[in-house]
Amino acid sequence: MSSSNGSITISIDGTNKSMSLPLLSGTEGPQVADIRKLYGQMGIFTFDPGYGETASCDSKITYIDGDAGVLMYRGYPIEQLAEHSDFIEVCYLLMNGDLPNAAELKEFRDGVTYHTMVHEQIRRFFDGFRRDAHPMAVMCGVVGALAAFYHDNLDINDAEARRIAAFRLIAKVPTIAAMAYKYALGQPFVYPKNSLSNQPQGYARNFIHMLMSVPAEEYQVPEVLAKAMDRILVLHADHEQNASTSTVRLAGSTGANPFACIAAGIAALWGPAHGGANEAVLKMLADIGDVKNIPAFISEVKDKGSTTKLMGFGHRVYKNFDPRAKIMKESCDEVLAELGVEHEPLLEIARELERIALSDDYFISRKLYPNVDFYSGIILKAMKIPTSMFTVIFAVARTVGWVSQWKELIEDPTQRIGRPRQLYTGPGRRDYVPVTQRG
Ligand code: CMC
């Protein structure tokens, strides 16, 4: 819980109105001014489009220090988790607050494994989609449709019901993601193979098995792919109150069905400014097409009149470096070397863009560094995952973050429906004029 520690006084210039705002301190990070009584006492709201300065909740899950390039899940630095842990253990950590002992980890893994299959009726949904439907559209639809299977008997105020909903989501989202991929290819759906789940990086192995194998042939999940996928999942598992997580919390604050809330998160993630950036990076590299076209592209990015952005660069919070990108870059170099991808033309464009952007004053002065999606897109491409699946993989990873944040919200006795205010700038009061009298 946060503690109250000091206060700040604000006053309205030219009046004798003033009030003291309590300052709250968390475990880490800057103090936060508590403005909950501001309107009641002063009659004013605060204005913060994009919520850049506003804490919308207190949370014990993830901490980011954007200036120092720090990211911690439940206090554990992301670098240590990426090196020593694996995704299923990180899921336990995010959901439960501490690392599990061996028995707890086994029970948790078995719980997730138990729920990996989807109701056979869900297969039928896929027939309604065109084969060329974007898999993120399919994800929004099918994950949201899980609410139709788990609604009437799901009481979100019951801890056991919340726990089972969480297991179902973490377990079924990769199965649905792989089904979306197989449907686009016209290949049969591959069922989860639970013997894979007990191995290190088991969640990632099972996911790759469902993506890559076909029933007619033997398939061994390559070690390099299992490790790379697991690392991508760990690095994307949670990221405090970003756009999609805030969407899940906002939807959850109304008491909505958790499967519908996660579908809302998937929709918010899809945009190119957020999780859609990994797909947008590859599209950008393909559009540039050749290293010789980079100077013209960079000029376009810098042109104030253009909307072109250097995708995979910049972050709302990280202003020195993105710690996930640092780990992902190392992983990227390893994976490319192991897969023998040395002279991939898109990679050459990526390396040159990275070099220019890190030395060009436009990007330096605006603190625009490569973010996690710049490198994850390159790794996924080398793994022969189609571009349209990149954001889907982000959604698979982030589901545990969304679920953990949703549980924290529902379990917070002080939580209220999320309902921002606004600064109204439309017309003042005016009277209705019948259509015959309008000019
Ligand atoms: N390329 C070129 N210019 C940029 C970029 C970019 N990628 N990002 C920001 N800028 C410029 C922006 O035009 C502005 O310039 P000026 O001060 O001259 O008006 C300045 O940098 C500050 O940008 P901002 O719009 O205030 O930054 P923001 O915090 O609102 O946006 C962002 C953050 C991530 C949405 C943005 O940097 C962006 O769109 N990046 C590209 C998309 C991307 O890679 N997104 C993935 C983020 S990491 C994955 C995740 O966590 O979702």
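Since every read-out is calculated from the coordinates, none of them should be taken as a lab result. Keep in mind that this is a model prediction, so the values were computed, not measured. A quick note on method: Cβ atoms are made from the backbone with ideal geometry, for glycine too, and the neighbour counts reach across all protein chains shown.
Given Cα positions, please report Rg to Rh for the chain, the hydrodynamic radius being the Kirkwood one.
Result for the chain is an Rg/Rh of 1.00.
So who's got an amide H within less than 5 Å of the one on residue 7, skipping anything under 5 residues away but keeping other chains? H placed 1.01 Å off N, in plane.
Correct list: 23.
Of 86, 333, 65, 361, how do they rank once you tally other Cβ atoms within 10 Å and put the fewest first?
Result, fewest neighbours first: 361, 333, 65, 86.
I need the trypsin sites (Lys or Arg not before Pro) found in segment 358-417, filtered to DSSP loop residues with at most 13 other beta carbons within 10 Å of theirs.
Listed in order of number, the matching sites are 366, 384, 416.
Could I have the simple spin-label model distance between residue 309 and residue 425, label points 7 Å from Cα toward Cβ, reported in nm to one decimal?
Computed distance between label sites residue 309 and residue 425 equals 2.0 nm.
Could you pull out every one of the lysines with an alpha carbon less than 27 Å from that of residue 329, ignoring same-chain neighbours closer than 8 positions?
Within the straight-line cut-off, residue 329 pairs with 227, 283, 292, 302, 309, 319, 367, 381, 384.
How big is the charge dipole of the chain about its Cα centre, in debye rounded to the nearest 20, if each Lys and Arg gets +1 on its Cβ and each Asp and Glu gets -1 on its Cβ?
That gives the chain a dipole magnitude of about 1520 debye.
Let me have the relative contact order for the chain, percent, based on Cα pairs under 8 Å that are six or more residues apart.
19
What whole number of Å gives the distance from the Cα centroid of segment 127-176 to the Cα centroid of segment 244-307?
A separation of 22 Å, based on Cα centres.
Once the other residues with Cβ under 10 Å from the Cβ of residue 70 are scored (Lys, Arg +1; Asp, Glu -1), what is the net sum?
-4
For residue 415, which sequence-distant residues (separation of 5 or more, or a different chain) have an amide H within less than 5 Å of its own amide H, given hydrogens modelled in the peptide plane?
none
Between residue 39 and residue 358, what length in nm is gained on full extension when 0.36 nm per residue of separation is reduced by their alpha carbon distance?
110.4 nm
Averaging sequence separations of C-alpha pairs under 8 Å and six or more residues apart, then dividing by the length of segment 323-439, give the relative contact order as a whole percent.
It comes to 27 percent, rounded to a whole number.
Restricting attention to segment 40-144, which trypsin sites (Lys or Arg not before Pro) occupy a DSSP loop and are surrounded by at most 10 other Cβ atoms within 10 Å?
Counting only loop positions with at most 10 other Cβ atoms within 10 Å, the trypsin sites (Lys or Arg not before Pro) in segment 40-144 are 130, 131.
By the scheme Lys and Arg +1, Asp and Glu -1, what is the net charge of all other residues having a beta-carbon under 12 Å from that of residue 348?
-2
Which of the GluC sites (Glu not before Pro) found in segment 1-91 are in a DSSP loop and have at most 11 neighbouring Cβ atoms, other than their own, within 10 Å?
Counting only loop positions with at most 11 other Cβ atoms within 10 Å, the GluC sites (Glu not before Pro) in segment 1-91 are 28, 53.
Would you work out the charge dipole size for segment 3-55 about its Cα centre, treating the Cβ of every Lys and Arg as +1 and the Cβ of every Asp and Glu as -1, and quote it to the nearest 20 debye?
For this selection, approximately 240 debye.
Sorted by mean Cβ packing within 10 Å, highest first, what order do the peptides 11-19, 137-145 take?
Highest mean packing first, the order is 137-145, 11-19.
Just name one of 260, 401, 314: the one whose Cα is farthest towards the positive end of the charge dipole of the chain (beta-carbon charges, Lys/Arg +1, Asp/Glu -1).
Ranked along the dipole, the leading option is 260.
At a threshold of 8 angstrom on Cα-Cα distance, excluding pairs fewer than six apart, so keeping six or more, what relative contact order does segment 3-55 reach in percent?
26
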